[in-house]
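Okay, so here's the structure we're looking at.
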Amino acid sequence: MRIALMDVGIGLLAAAAAVRRLRPDADLILSSDPDGMPWGPRTPDDITAHALATAEAAAPHRPDALIVACNTASVHALPALRARLEPDLPVIGTVPAIKPAAAGGGPLAIWATPATTGSAYQRGLIQEFAHTVAVTEVPCPGLSDAVENADEAAVAHAVAAAAERTPDDVRAIVLGCTHYELVAERIRAAVQRHRLPPLALHGSAGAVAAQTLRRIGELPAPDAPAEGTVTVILSGRTAPLPAAALTYAEGQLLQAVSPTR
């Protein structure tokens, strides 16, 4: 089994680690676009072109499925990716976990990039799945870049700033960018209020990994032999995992369980 994942950078680590936990025997192909980052400020057509190139860089490895482990690419490029690659290659997008967060009741906050916050896409999800609960959209300028560069000081500053914009009574946070899942516990610690119940964080990695297995007709097998490999592609070039990836538990898991090749 070969599963490809794509993102502009290391935000794909959370979904890759989730797949690895479900299927330690799966070979993973991690395709990102460091030469083209960031994608957020680009036009939708430009984002689509970069996403297509990043996906096609993984194609020679003949994956059984492609995970678009990037909210920006899922918003702008998912139709084009599916038109280009399906039905031969199932394409699984990443949607902010607004529906399960709202099902748990509110109030809730959605942390996302400034480009996604207030977008028609996000507002549509709120209207569809969270219209009965109180929702605060929280832009997080600089957070994804700080996570990408493993800049601890910048992460701390961006998280603290977003926490200041998050209402005190929020009981759940939707992590609306895949990079944010890599610093989820730091986000929880910044927002958790004294003497209130534990804050719920809702990422997408686990659901995306499970959906990918369903799409290709496979079942979770967490006890399978840990024989899966990891192939890393950076803007079309085979390379080791970036040093920044190894500062996060998800990158360390991939390196320890399945050394890159």
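The values are calculated or read from the model by the stated rules, or taken from the named source; none is laboratory data. Please read these numbers as outputs of a predicted model, since none were measured by experiment. Heads up, the Cβs are rebuilt from the backbone with ideal geometry, glycines too, and the neighbour counts pull from every protein chain shown. Remember, those area values only see protein heavy atoms, side chains included, never the ligands or the DNA or RNA. Shrake-Rupley method; radii C 1.70, N 1.55, O 1.52, S 1.80 Å.
Go through the residues of region 150-165 one by one and say whether even a single one is over 18 Å from the mean Cα position of the chain (by Cα) and closer than 19 Å to Ala16 by Cβ.
no
Can you tell me how many residues within region 97-144 are part of a helix (DSSP H, G or I), open to solvent by less than 70 Å² (accessible area, probe 1.4 Å) and farther than 24 Å from Pro79 by Cβ?
Final tally of qualifying residues: 3.
Take the residues in region 75-95 that are modelled with pLDDT under 95 and farther than 26 Å from Gly228 by Cα, then tell me which one is least open to solvent (accessible area, probe 1.4 Å).
The residue in question is Ala77.
Take residues that are in contact with a strand residue (DSSP E or B) (Cβ under 6 Å, 6 or more places away or on another chain) and either within 27 Å of Asp33 (Cβ to Cβ) or open to solvent by 70 Å² or more (accessible area, probe 1.4 Å) (or both) and tell me which of the strands (runs of 3 or more DSSP E) falling wholly in region 150-237 contain 3 or more. Show your work before the answer.
Values: elements: 172-175, 200-202, 230-234.
Fully inside region 150-237 and qualifying: 230-234.
Quickly run through region 19-53 and pick out the residues that are open to solvent by less than 10 Å² (accessible area, probe 1.4 Å), part of a helix (DSSP H, G or I) and in contact (Cβ under 8 Å) with a residue 40 or more places away in the chain. Talk me through it step by step, then tell me what you get.
Within region 19-53, the first condition is being open to solvent by less than 10 Å² (accessible area, probe 1.4 Å), and the residues that meet it are 19-20, 26, 28-31, 36, 39, 47, 51.
Filter once more, so that each one left must be part of a helix (DSSP H, G or I): 19-20, 36, 47, 51.
Result: Val19, Arg20, Gly36, Ala51.
Against the condition touching a helix residue (DSSP H, G or I) at 6+ places or on another chain (Cβ under 9 Å), within 24 Å of Trp111 (Cβ to Cβ) and part of a helix (DSSP H, G or I), how does Thr72 come out, does it pass?
Numbers: touching a helix residue (DSSP H, G or I) at 6+ places or on another chain (Cβ under 9 Å): yes; within 24 Å of Trp111 (Cβ to Cβ): yes; part of a helix (DSSP H, G or I): yes.
Considered against the rule, which asks whether it is touching a helix residue (DSSP H, G or I) at 6+ places or on another chain (Cβ under 9 Å), within 24 Å of Trp111 (Cβ to Cβ) and part of a helix (DSSP H, G or I), Thr72 comes out as yes.
When you scan region 57-67, do you find a residue that is outside any loop (DSSP other than H, G, I, E, B) and under 27 Å from Glu128 (Cα atoms), even just one? Lay out the reasoning, then the answer.
Residues of region 57-67 that are outside any loop (DSSP other than H, G, I, E, B), as a first pass: 57-61, 65-67.
So of that shortlist, the ones also under 27 Å from Glu128 (Cα atoms) come out as 66-67.
Looking through region 57-67, at least one residue is outside any loop (DSSP other than H, G, I, E, B) and under 27 Å from Glu128 (Cα atoms).
Report yes if Thr247 is open to solvent by less than 30 Å² (accessible area, probe 1.4 Å), within 20 Å of the chain's Cα centre (by Cα) and of a type outside the set (Gly, Ala, Ser), otherwise no.
Numbers: open to solvent by less than 30 Å² (accessible area, probe 1.4 Å): no; within 20 Å of the chain's Cα centre (by Cα): yes; of a type outside the set (Gly, Ala, Ser): yes.
Judged against the criteria, Thr247 is not a match.
Residues to consider are Ala134, Ala97, Ala156; find the one that is touching a residue at least 12 places away in the same chain (Cβ under 8 Å) and in contact with a Pro (Cβ under 6 Å, 6 or more places away or on another chain). Outline the logic, then answer.
Working: Ala97 fails: in contact with a Pro (Cβ under 6 Å, 6 or more places away or on another chain); Ala156 fails: in contact with a Pro (Cβ under 6 Å, 6 or more places away or on another chain).
The conditions single out Ala134.
Give me the residue from region 250-261 that is touching a residue at least 40 places away in the same chain (Cβ under 8 Å) and of a type in the set (Gly, Ala, Ser) and, out of that set, surrounded by the most Cβ atoms within 10 Å (Cβ to Cβ).
Here is the first cut: in region 250-261, the residues touching a residue at least 40 places away in the same chain (Cβ under 8 Å) are 250-251, 253-254, 257-258.
Filter once more, keeping what is of a type in the set (Gly, Ala, Ser): 251, 258.
Numbers: Gly251: 23, Ser258: 21.
Step by step, filter region 250-261, then rank; the result is Gly251.
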